[in-house]
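Peer 1: Okay, here's the structure, questions in a sec.
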Amino acid sequence: MTHVQGLCNIVSKYELIDTNYLKNKFGYQDFFPEIIVFPNSIEEISEILKYCFKTKTPISPIGSGTKLFIGNPSISTKVLLSLRDLNRILDHEISDMVATVECGVEVGNFQNEVNKSNQLLPVDPPFLDSGATIGGLISTNLCGPLSTRFGTCRELLLSVRAVRADGQIIKGGAKVVKNVAGYDIPKLLVGSLGTLSIIVEASFRLFPRQECSETIVLGFDEFSKLHDVAIDILGADIVPSCMEIFKGEVIDNEFFKDKELKYVVLKLENFTDAVNEQINEIKKIAGNNTKLILSLKDSEEMKLWKDIREFPFNKTDSLLAKVILPINSCFNLLRDLENISTNLNVRIEAVSRPLRGGILISIDSNDCDILYAANLLRSQVGAIGGNIMFYNLNQELKNDIKVWDSFGSATSLMEMLKKQFDTNNILNPGKMFD
């Protein structure tokens, strides 16, 4: 408890943690820190990290706690560092369409603020309505359907301020789109899960809000018909903001009443005439292949995309996975997953984001069948040149299923970066590497 007493002398706000704290507050219980600290400035974060670095005390940053299930649990962590009190929007340069925020700001609040100037931060991560923060968005790079058009957080982030493990305050990037000198610090920190530095401020490029938004839903009774139409849409002069493919049983929404149909759902945003033109082109491509065509706007459209963006992370009791693979292979794997689900005693549900080369998956059954299905899935993904990452592993499954695929030749580079940024291995130890 010595390190706890030392931290109490540094920070003005803290809470001691009992063994049920994470379970009760976040529904998570795979690691057991002893204290959570609430700094209110970058300088206070620096002092906390200097102390932890000197005493080699493992520490993990936390925002709203919605994404603790990603990666390995940092079981040696003794200190949680909350960013909730760093929650200011620092600057919004409307003419340049750039804004700077502290990383405890909730993504939804940030979007509401820039929306007042008719601008958009085009991200829709899961848990958007449950308090997902800017820091969590950056550190996990877990983005939603809008990444089809706008890319992930990695493409939107311009600059960051962060605090290294030794307490040194660093800055990377600038409030311009094109700048690189030495390490591209913002891109290094995106997806690093809090293992390299604690991100405290970030600047993003924004986009103008579009005049018109409309979503078209296409339903198919055969996967081969869906495949042909989707390929033709991808090859046409159509620019969807979102494009998702799934079976009707996957998304619990009133517009997918026929659970056996396979759906292609596209969101179009542009000037009204341009949206209408693209929708007419989609209907022309679909022709007589579809069993259902729907067009949605306003509240119905918003509700639909909210339901889609939360999959599969709303399935808290299931094993979850994210697959990245070549675009053409998305269709084949989506079809194969149906066969695996039928042949094994497991329920496998999936949503494909083909323009990002991604598939999100939930696997639900007893541990033995899940283990077999997970290993079979990893083998199939590897055979077609893809990579898979598992989420939500309980401690029993973690002994048999690796969270990550092998990083290959990149492993030594990642380990080198970790040693350069965090020589004492105090930031989220074990989160990336066992």
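Peer 1: Would you be able to say whether some residue in region 286-294 is within 27 Å of the chain's Cα centre (by Cα) and under 30 Å from R347 (Cα atoms)?
Peer 2: No, region 286-294 contains no residue that is within 27 Å of the chain's Cα centre (by Cα) and under 30 Å from R347 (Cα atoms).
Peer 1: Take G63 and tell me if it is small (G, A, S) and surrounded by 21 or more Cβ atoms within 10 Å (Cβ to Cβ).
Peer 2: Yes: the conditions hold for G63.
The rows are residues; the columns are (1) in contact with a helix residue (DSSP H, G or I) (Cβ under 7 Å, 6 or more places away or on another chain); (2) under 16 Å from G386 (Cβ atoms); (3) not β-branched (V, I, T).
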site	(1), (2), (3)
D317	no, no, yes
I327	yes, yes, no
P354	yes, yes, yes
C368	no, no, yes
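Peer 1: May I pose another question? Looking at (1) closer than 22 Å to M432 by Cβ; (2) crowded, with 20+ Cβ neighbours inside 10 Å, can you tell me which one I363 breaks?
Peer 2: I363 satisfies all of (1) closer than 22 Å to M432 by Cβ; (2) crowded, with 20+ Cβ neighbours inside 10 Å except (1).
Peer 1: While we're here: Tally the residues that are at positive phi, touching a Leu at 6+ places or on another chain (Cβ under 9 Å) and free of Cβ contacts under 8 Å to residues at least 12 places away in the same chain, restricting the search to region 393-434.
Peer 2: The number of residues fulfilling the criteria is 0.
Peer 1: Taking region 186-203 only, how many residues are surrounded by fewer than 24 Cβ atoms within 10 Å (Cβ to Cβ) and assigned to a strand (DSSP E or B)?
Peer 2: 3
Peer 1: Let me ask you something else. Working carefully through the options D85, D91, D96, find the one that is more than 23 Å from N392 (Cβ to Cβ) and touching a Phe, Trp or Tyr at 6+ places or on another chain (Cβ under 7 Å).
Peer 2: Sole residue among the options that is more than 23 Å from N392 (Cβ to Cβ) and touching a Phe, Trp or Tyr at 6+ places or on another chain (Cβ under 7 Å): D85.
Peer 1: Name the residues in region 275-325 that are touching a residue at least 40 places away in the same chain (Cβ under 8 Å), aliphatic (A, V, I, L, M) and within 23 Å of V239 (Cβ to Cβ), would you?
Peer 2: V275, I279, I282, I285, A286, I293, L294, L296, L304, I308, I324, L325 - these are the residues of region 275-325 that are touching a residue at least 40 places away in the same chain (Cβ under 8 Å), aliphatic (A, V, I, L, M) and within 23 Å of V239 (Cβ to Cβ).
Peer 1: So, of the residues in region 232-253 that are part of a helix (DSSP H, G or I) and in contact (Cβ under 8 Å) with a residue 12 or more places away in the chain, which turns out to be nearest to G144 (Cα to Cα)?
Peer 2: Among residues in region 232-253 that are part of a helix (DSSP H, G or I) and in contact (Cβ under 8 Å) with a residue 12 or more places away in the chain, the one nearest to G144 (Cα to Cα) is L234.
Residue-wise test of (1) surrounded by 22 or more Cβ atoms within 10 Å (Cβ to Cβ); (2) at pLDDT below 90; (3) of a type in the set (V, I, T); (4) under 13 Å from T215 (Cβ atoms).
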{"site": "L261", "(1), (2), (3), (4)": "no, no, no, no"}
{"site": "V264", "(1), (2), (3), (4)": "yes, no, yes, yes"}
{"site": "V275", "(1), (2), (3), (4)": "no, no, yes, yes"}
{"site": "K303", "(1), (2), (3), (4)": "no, no, no, yes"}
{"site": "D317", "(1), (2), (3), (4)": "no, yes, no, no"}
{"site": "T342", "(1), (2), (3), (4)": "no, yes, yes, no"}
{"site": "V351", "(1), (2), (3), (4)": "yes, no, yes, no"}
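Peer 1: With the requirement that a residue be touching a Leu at 6+ places or on another chain (Cβ under 9 Å), of a type outside the set (G, A, S) and not in a loop (DSSP other than H, G, I, E, B), what does region 213-226 give you?
Peer 2: Within region 213-226, E214, T215, I216, V217, L218, F220, F223, L226 meet the criteria.
Peer 1: In addition: Is at least one residue of region 284-306 farther than 16 Å from G219 by Cα, in the same structural domain as V250 (by TED's automatic domain parsing) and touching a Lys or Arg at 6+ places or on another chain (Cβ under 7 Å)?
Peer 2: Yes, there is a match, as at least one residue in region 284-306 is farther than 16 Å from G219 by Cα, in the same structural domain as V250 (by TED's automatic domain parsing) and touching a Lys or Arg at 6+ places or on another chain (Cβ under 7 Å).
Peer 1: Among the residues of region 319-363, which ones are of a type outside the set (A, V, I, L, M), within 15 Å of R378 (Cβ to Cβ) and out of contact with any Phe, Trp or Tyr (no Cβ under 9 Å at 6 or more places or on another chain)?
Peer 2: S329, D336
Peer 1: What number of residues in region 45-78 are farther than 16 Å from T133 by Cβ and within 24 Å of the chain's Cα centre (by Cα)?
Peer 2: Final tally of qualifying residues: 7.
Peer 1: Test T57 against the stated conditions and say whether it is outside the structural domain of L158 (by TED's automatic domain parsing), touching a helix residue (DSSP H, G or I) at 6+ places or on another chain (Cβ under 8 Å) and not charged (D, E, K, R).
Peer 2: Spelling it out, T57 is indeed outside the structural domain of L158 (by TED's automatic domain parsing), touching a helix residue (DSSP H, G or I) at 6+ places or on another chain (Cβ under 8 Å) and not charged (D, E, K, R).
The values are calculated or read from the model by the stated rules, or taken from the named source; none is laboratory data. Not measured: the values here are computed from a predicted model. Glycine also receives a Cβ, built like all others from the backbone with ideal geometry; neighbour counts cover every protein chain displayed.
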